[in-house]
Amino acid sequence: MNLLAIIFVAILANNIVLSQFLGICPYLGVSKRIETSIGMGMAVIFVMTLSAIVTWLIYNILLAPFGLAYLRTIAFILVIAGLVQLVEMILKKTNPTLFQALGIYLPLITTNCAILGVAVLNIDAGYNIIETIIYAISTGIGFTLAMVIMAGIRERLELVNMSGFVRGAAVTLVSAGILSLAFMGFKGIVTL
Amino acid sequence: MELVMSFVIIGGLGLIFGGLLAYAARRFAVEEDPRVETITDLLPGANCGACGFAGCSSFAEKVVAGQAPVDSCVPGGKKVSDNICEVLGLESVASEDRKIAQVFCMGSKDIAPDKFEYQGVRDCKAAMMYSGGFKACTYGCLGLGTCVEVCPFDALSMGENGLPKVDTDKCTGCGVCAKACPRNVIRIISARNVKYVPCNSKDRGKVVRESCEVGCIACKACVKACPNEAITVENNLAVIDSAKCDSCGKCIEVCKRQIIKDLGKVLAVK
C-alpha cells in the first residue's frame, strides 16, 4: 500500500515538474514535439532510476556511516555525471540502436536538477532501496507525463492565430502555469 | 579524522569514476573514421537537407562511406565539393554552375486580387486547404511567407508588395523553400538562366487576364520576336531556353505584360 502511495504521489500529486518545479529547463526546451518529449522522458526514466540506486548505495555505505552526510550534494553530482558518461560509452558500443534512440538526451540530462533532486529526496524521505527504485521510476514517469502533455499543448498552440507578443515563450509559460494549477488538484488525495 | 575521511571518500570516488571512465573509453571505444569529422567541418553546417540526408554530419558519414555523391551539398557548391574530393583523394567533379531560388510570380495584392478574405492560420499550406487558396489566380503566390519561415540561410524576406524576395547573396539554392511552397511558385534555377518568365499560371490567357494584371497570357509575341527561337510556349507559359538565348532583349521589348525578367539585372541590383 505504501508503495502504491509512493507511485501515485510521485506521478500525480507531487509531480517533479509541475509541483516541485525541478527539471524546468528540459521541460520547456524539449517539449516542442511529442516525439522528442517521449525520447527525453524515456532517457530521464532510465538515468533517474540508475542514479537513484547508485547514489542511495553511496550515501548509505560511504557517506552516512562516516558522518559525511553534508558532502552528499558534491558526491552525488560527481557520481551522476560519471555514471551517465559511463552508460553512454557502454551503450554506444553494445547497443547502437538504443544509443541512437536516446540520442543527445543522455548527456543533456547529466546536469538535470531533477535527477539530483530525486537522489536527494530519496535520502530526505528515508526510503529503503526498493522504495527508492519505485520512487525514481514513478518520478520519471511523472516527468514524461508532464512533458508529453506540454508537447501536445504546444503542438496545438503552433496553429493558433494569436498576436505576436504572446506567441512563443510567453504563451508557453502561461500554459505551463495553468497545467501546474491543474495538477495541484491531486494534492491532498494521499498523504505520505 | 573526519577531514581525512572526507578527503579519502570524495577523492576516492573521483579516482574510481575517473579510472572507470578511462578504462571504458578504451574498452568500449567505437572506431570512427577521422575523415567524417574533417568533412563535417568543411560543410556549411546549416543542416538544410538539400543533399537528401538528415543533416551535415550524416551527409559526411554517407559521403565517406561512398553512399552519397561528393557534389550533393548544394549550398556548399563547387568549393565544398572540391574540398571533400581532396579529403577523400578523388578527382574534382563539380561544375561551376550556381543555383538560386527565384519567385515565379509577380502578382502582389493590388495586381492579382483575392477571391475571398482569408482569416485562418498564417501559413501557405494551411491556406491551400480552404478551397485551394484565397487568391483568384490558382497558381500565384499566396504571400503568407511559409518559404521565408523555412529558409535555413535567412535569404528570403517578405517584400512590401506581399511577395517573398530572394537575397541573391545569401541564397545557396538548397531548395528547402521550393519544397515548402504548396503552389511551386518558388523554383531553383541556374544563375546562368539570364532571362526568365516569373509567372506560374498554366491558365489560358483569358483566365489569367481576369485574375492578374501581369501574368503571362501566352500571346506568343515574344516567341515571334526572338531571333534565336529560344522561346517556346508550354502549358500557356512562355519558357526561355537559356542555351539558345543570347540576351538580345527583344522579348522584353515586345512583352505586353512586362513579365519577362532579366536575372542578370536582378543579380546586379541585389
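The values are calculated or read from the model by the stated rules, or taken from the named source; none is laboratory data. Because the structure is predicted, anything quoted here is derived from the model rather than measured. Cβ coordinates were reconstructed from backbone atoms using ideal geometry, including for glycine residues, and neighbour counts include every protein chain displayed.
Some observations on this one:
For (1) more than 30 Å from B:Ile252 (Cα to Cα); (2) of a type in the set (D, E, K, R); (3) crowded, with 19+ Cβ neighbours inside 10 Å; (4) in contact with a helix residue (DSSP H, G or I) (Cβ under 8 Å, 6 or more places away or on another chain), each residue gets a yes or a no:
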position: B:Gly120; (1), (2), (3), (4): yes, no, no, yes
position: B:Glu160; (1), (2), (3), (4): no, yes, no, no
position: B:Cys171; (1), (2), (3), (4): no, no, yes, no
position: B:Tyr196; (1), (2), (3), (4): no, no, yes, yes
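- Scanning region B:101-118 for residues that are buried (at least 16 other Cβ atoms within 10 Å of the Cβ), hydrophobic (A, V, I, L, M, F, W, C) and assigned to a loop (DSSP other than H, G, I, E, B) yields a count of 5.
- Subset of region A:93-112 that is surrounded by 16 or more Cβ atoms within 10 Å (Cβ to Cβ) and assigned to a helix (DSSP H, G or I) - its residue that is nearest to the other protein chains (Cβ to nearest Cβ): A:Phe99
- In region B:13-40, residue farthest from the other protein chains (Cβ to nearest Cβ) [restricted to those that are loosely packed, with under 12 Cβ neighbours inside 10 Å and part of a helix (DSSP H, G or I)]: B:Pro34
- Residue that is in contact with a helix residue (DSSP H, G or I) (Cβ under 8 Å, 6 or more places away or on another chain) and either within 14 Å of chain A (Cβ to nearest Cβ) or modelled with pLDDT of 90 or more (or both), where the choices are B:Cys124, B:Cys141: B:Cys124
- Of the residues B:Thr146, B:Thr168, the single one that is modelled with pLDDT of 85 or more and of a type in the set (Ser, Thr, Tyr) is B:Thr146.
- Filtered residue count, region B:185-241, keeping only those that are farther than 30 Å from B:Gly77 by Cβ, of a type in the set (A, V, I, L, M) and without any contact (Cβ under 8 Å) to a residue 24 or more places away in the chain: 4
- Candidate set: region B:210-250, residues that are of a type in the set (D, E, K, R) and either within 20 Å of B:Val185 (Cα to Cα) or touching a Cys at 6+ places or on another chain (Cβ under 8 Å) (or both); chosen: the one surrounded by the fewest Cβ atoms within 10 Å (Cβ to Cβ): B:Glu234
- Residues being loosely packed, with under 14 Cβ neighbours inside 10 Å and farther than 30 Å from B:Pro69 by Cα are entirely absent from region B:84-91.
- Criterion: under 29 Å from B:Lys125 (Cβ atoms), out of contact with any helix residue (DSSP H, G or I) (no Cβ under 7 Å at 6 or more places or on another chain) and outside any loop (DSSP other than H, G, I, E, B) - qualifying residue of B:Ile259, B:Ile189: B:Ile189
- Residue in region B:41-60 that is within 14 Å of chain A (Cβ to nearest Cβ), in a helix (DSSP H, G or I) and either closer than 26 Å to B:Lys179 by Cβ or modelled with pLDDT under 80 (or both) present: yes
- Any hit, region A:42-58, residues being within 14 Å of another protein chain (Cβ to nearest Cβ), in a helix (DSSP H, G or I) and loosely packed, with under 15 Cβ neighbours inside 10 Å: yes
- Contact map, region A:94-115: residues that are closer than 22 Å to A:Ile16 by Cα paired with residues that are among the charged types (D, E, K, R), Cβ distance under 7 Å, separation 6+ or inter-chain. Pairs shown: A:Leu106/A:Glu88; A:Pro107/A:Glu88.
- Residues that are out of contact with any Phe, Trp or Tyr (no Cβ under 7 Å at 6 or more places or on another chain) and within 14 Å of chain A (Cβ to nearest Cβ), drawn from region B:127-138: B:Met129
- Complete set of residues in region A:59-69 that are under 18 Å from A:Leu116 (Cα atoms) and within 9 Å of chain B (Cβ to nearest Cβ): A:Leu62, A:Leu63, A:Leu68
- When region A:126-142 is filtered for residues that are crowded, with 16+ Cβ neighbours inside 10 Å and not in a helix (DSSP H, G or I), only A:Tyr127 remains.
- Residue within region A:19-33 that is under 21 Å from A:Thr111 (Cβ atoms), part of a helix (DSSP H, G or I), of a type in the set (Gly, Ala, Ser) and free of Cβ contacts under 8 Å to residues at least 12 places away in the same chain present: yes
- Scanning region A:73-92 for residues that are more than 10 Å from every other protein chain (Cβ to nearest Cβ) and surrounded by fewer than 18 Cβ atoms within 10 Å (Cβ to Cβ) turns up A:Thr73, A:Ile77.
- Within region A:1-11, tally of residues that are surrounded by fewer than 20 Cβ atoms within 10 Å (Cβ to Cβ) and in contact (Cβ under 8 Å) with a residue 40 or more places away in the chain: 5
- Test for B:Thr172: is it touching a Pro at 6+ places or on another chain (Cβ under 9 Å) and over 17 Å from B:Ser108 (Cα atoms): yes
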